[in-house]
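Just so you know, all these numbers are worked out from the coordinates, no wet-lab data involved. Predicted model, so just to flag it, every value in this text is computed and none were measured. Cβ atoms come from the backbone with ideal geometry, glycine included; neighbour counts cover every protein chain shown.
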Amino acid sequence: MNCFYHENLGAVATCVDCGVGLCKDCVQNALYTRDNKPICLNCSKKEASAQANYASSEVNALKRRLIICIVIFIAGIVAFNTQNEVPLNFFAMIGVWCLANIMSCFIQYF
């Protein structure tokens with residue numbers, strides 16, 4: 001069997017995902033491996049795309065968490081400024097802090 005990408009070279013390994021032949025250069029320059037076995041260029045592109053999509057979803061989840069934290073922070077400032085007595089200000093801030101901690105338990109599911 002010859003290398004899928006270099007037809008004039010003999011294959012020394014096969015892609016773990018699709019099984020195409022890979023020459024020595026392709027094996028050494030493989031972008032991704034699975035269990036120390038090479039993945040061909042086409043399958044590496046699919047793997048990179050999947051990782052990019054996962055990273056993008058993680059970034060979006062972090063943005064949602066940030067927005068929720070900002071909303072809770074603003075609610076805390078409003079609660080703090082609407083109370084005229086010092087003890088009530090303290091309890092308003094404690095309440096918002098508790099709410100933020102409770103929300104953090106559920107934010108991971110957004």
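Here are the numbers for the structure shown:
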quantity: Net charge contributed by nearby residues that have their C-beta within less than 15 Å of Met103 (K/R +1, D/E -1); calculated: +2
quantity: Asn8-Asn36 FRET efficiency (beta carbon distance; Förster radius 30 Å; 0.05 resolution); calculated: 0.70
quantity: Straight-distance crosslink candidates among lysines, where the alpha carbon sits under 26 Å from Lys24 and sequence neighbours closer than 8 are dropped; calculated: Lys37, Lys45, Lys46
quantity: Relative exposure of Asp17, Asp35, Asp25, judged by other C-beta atoms within 10 Å (fewest first); calculated: Asp35, Asp25, Asp17
quantity: Cβ crowding within 10 Å averaged over residues, with 36-46, 65-75 ranked highest first; calculated: 36-46, 65-75
quantity: Extension gain from Asn29 to Arg64, taking 0.36 nm per residue of separation minus the Cα-Cα distance; calculated: 8.8 nm
